[in-house]
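Notes for the one structure printed next.
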Ligand code: CMC
């Protein structure tokens with residue numbers, strides 16, 4: 001409910017419900033009002049008058065897609081979408097990309113300040129030493145089909161990983177395991193953070209190698225985070241194998257850029273899932289699933305599929321026209337928050353130049369540039385403030401580096417584990433404790449109705465097939481025939 005406020009206060013909102021004439025004054029705090037304040041407004045004030053339109057249940061705030069609903073007070077990442085500003089804990093992304101590393105930035109995002117040299121040493125050592133997974137994990141990875149999408153493997157792998165750590169499971173250890181803020185509780189939390197970040201690259205590399213038919217590689221010592229990742233993916237028994245330093249650095253910059261982006265769909269999913277106080281491995285698995293979709297972290301894969309389908313710069317105008325008619329999707333453009341170019345996209349383009357010097361240019365680059373130019377000049381995109389986002393160019397770098405197309409979202413998910421954990425930790429330790437995330441719906445379904453026996457129903461909606469249209473694969477047909485014959489005997 002809105003806090004009681006002096007009626008003379010200007011830092012408030014006055015609302016009048018014209019259905020009843022009732023007025024409400026709601027305090028404005030941090031430029032926001034609590035949605036629960038509206039529960040005091042109801043069209044049918046008399047008790048006992050219940051109806052499915054919910055008019056007697058207090059006014060709901062409707063916000064499909066969370067367009068203007070704040071669910072957290074956060075100190076982690078700041079975005080000004082109109083000005084194209086992105087800062088992690090106050091530091092501009094451009095400065096971090098030049099001066100910091102992914103692991104140092106991870107510390108910043110999770111713990112709030114840049115580490116001292118001894119804090120950094122401990123942090124890097126802990127994360128890197130937690131890269132190894134139990135030998136049994138091999139069987140888990142080998143249980144997937146050769147053509148399984150690596151995001152399906154990675155998503156499952158995070159949930160699987162949680163099964164090893166009963167000490168990190170609030171269902172087993174007590175519901176306040178992560179919310180106490182005591183030194184013991186913080187230490188348990190830290191350990192899961194080391195494990196999840198340290199093992200993210202290991203799980204991702206295993207998801208890659210199992211599909212290549214390669215044996216798995218133990219995380220090496222003495223490598224950077226991305227160096228170790230590349231080693232685990234590519235090492236084939238060579239002596240003194242070292243990944244190319246330009247590619248290792250480029251991947252580190254890309255990881256840093258992808259580390260967090262405030263309350264995007266996947267971070268919100270992690271918090272929604274974590275709000276039930278489930279273990280962090282399950283919450284991260286949920287975030288991974290959310291990131292996988294083509295509107296979010298799957299967009300880098302979708303961009304390349306789109307560029308391949310366009311084929312050449314000559315086909316760009318026709319493609320743009322098809323997008324405007326909503327026949328095609330322009331992946332890698334548009335953003336819920338940015339109404340100008342995504343600041344990360346400039347750094348990605350610089351990184352692409354470095355990578356192409358080593359790998360050679362990607363053949364899709366010309367088509368990408370033609371598409372970029374055409375979209376930025378077109379009234380449709382200008383009017384809607386649609387500009388390239390981080391995914392428009394990142395896929396071209398990953399392709400030039402030789403990663404398989406369906407592995408691109410994995411390269412987004414691995415660094416994003418950092419941001420998910422930063423938000424999860426912040427929520428676990430927030431003043432007032434954790435509140436389960438349980439939104440309301442606006443019920444628009446049927447009013448109360450009587451159950452009708454199956455033979456007396458007329459088809460209104462639902463399955464369109466009739467029993468004669470049921471089809472079975474050859475194998476199920478044979479099984480059915482065999483069973484029926486068996487039954488007759
Ligand atoms: N191509 C063509 N039209 C677009 C695009 C696009 N990529 N994105 C938005 N629009 C149009 C949309 O049709 C709508 O037009 P109208 O007002 O006439 O109906 C208008 O622009 C506003 O778009 P919206 O769908 O209301 O915007 P949203 O905030 O709900 O969606 C988005 C944001 C990122 C899902 C969307 O821009 C999109 O689908 N982009 C392509 C997928 C993509 O690149 N995703 C990666 C996002 S960045 C990485 C990350 O953080 O995940």
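Some values worked out for this structure:
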{"read-out": "Matching option when the condition is surrounded by 14 or more Cβ atoms within 10 Å (Cβ to Cβ), outside any helix (DSSP H, G or I), out of contact with any strand residue (DSSP E or B) (no Cβ under 8 Å at 6 or more places or on another chain) and on the phi < 0 side of the Ramachandran plot, among 430, 441", "value": "430"}
{"read-out": "Helices (runs of 4 or more DSSP H) contained in region 365-412 and holding at least 3 residues within 23 Å of the chain's Cα centre (by Cα) and in contact (Cβ under 8 Å) with a residue 40 or more places away in the chain", "value": "391-400"}
{"read-out": "Single residue of 341, 331 found to be buried (at least 22 other Cβ atoms within 10 Å of the Cβ) and outside any helix (DSSP H, G or I)", "value": "331"}
{"read-out": "Contacts under 7 angstrom Cβ, first residue in region 263-278 being in contact (Cβ under 8 Å) with a residue 12 or more places away in the chain, partner in a loop (DSSP other than H, G, I, E, B) and within 16 Å of the ligand (Cβ to nearest atom), 6 or more apart", "value": "264/296; 265/296; 266/296; 266/297"}
{"read-out": "Qualifying residue in region 354-361 (condition: away from the ligand (no atom under 12 Å from the Cβ), more than 27 Å from the chain's Cα centre (by Cα) and not in a helix (DSSP H, G or I))", "value": "yes"}
{"read-out": "Selected residue [crowded, with 16+ Cβ neighbours inside 10 Å, assigned to a helix (DSSP H, G or I) and more than 10 Å from the ligand (Cβ to nearest atom)] from 322, 314, 289", "value": "289"}
{"read-out": "Residue match in region 273-285 (condition: modelled with pLDDT of 95 or more, within 16 Å of the ligand (Cβ to nearest atom) and part of a helix (DSSP H, G or I))", "value": "no"}
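Each row is one residue, and each column tells you yes or no for (1) in contact with a helix residue (DSSP H, G or I) (Cβ under 6 Å, 6 or more places away or on another chain); (2) modelled with pLDDT of 95 or more; (3) closer than 17 Å to residue 421 by Cα.
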position: 125; (1), (2), (3): no, yes, no
position: 130; (1), (2), (3): yes, yes, yes
position: 138; (1), (2), (3): no, yes, no
position: 156; (1), (2), (3): no, yes, no
position: 160; (1), (2), (3): yes, yes, no
position: 163; (1), (2), (3): no, yes, no
position: 189; (1), (2), (3): no, yes, yes
position: 200; (1), (2), (3): yes, yes, yes
position: 213; (1), (2), (3): no, no, no
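The values are calculated or read from the model by the stated rules, or taken from the named source; none is laboratory data. This structure is a prediction, so every number in the text was calculated from the model and none was measured. Methodologically, a virtual Cβ is constructed for each residue, glycine included, from the backbone with ideal geometry; neighbour enumeration extends over all protein chains shown.
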